[in-house]
Amino acid sequence: MLRPSAAPVGEQIAIFVLGPPVMASLIWLMSRGWAHTVQGEVVSDRTKHRQKMEFWIFMIVMYIFMIGVALYEWLT
């Protein structure tokens, strides 16, 4: 059985740069939809602020994860 090869360098860079913002945006969109479902049409300012902070925290964590994966692949 053949081992799958890595993606081309251009695709790896695109995944590294675009992956975390896309994933964070999906998480934000789902949490905003859930807030609309639970709170009705008017989402409180407190919830909006919390969701904004969660978006940035999740995106930073995802970039740290991506850097860790890149370092792991580079060192092994």
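Read-outs throughout are calculated quantities, based only on the coordinates presented, and are distinct from any laboratory measurement. A quick note: this is a predicted structure, and the numbers were derived from the prediction, not measured. Methodologically, a virtual Cβ is constructed for each residue, glycine included, from the backbone with ideal geometry; neighbour enumeration extends over all protein chains shown.
Given the criteria surrounded by 10 or more Cβ atoms within 10 Å (Cβ to Cβ) and aromatic (Phe, Trp, Tyr), does Trp74 qualify?
Answer is no for this residue.
Does Ile64 satisfy being touching an Asp or Glu at 6+ places or on another chain (Cβ under 8 Å) and either in a helix (DSSP H, G or I) or among the aliphatic types (A, V, I, L, M) (or both)?
no
Taking region 27-55 on its own, how many of its residues are part of a helix (DSSP H, G or I) and surrounded by 11 or more Cβ atoms within 10 Å (Cβ to Cβ)?
Total satisfying the criteria: 16.
Which one of these does Ala7 not meet: (1) loosely packed, with under 11 Cβ neighbours inside 10 Å; (2) in a loop (DSSP other than H, G, I, E, B)?
Ala7 satisfies every listed condition except (1).
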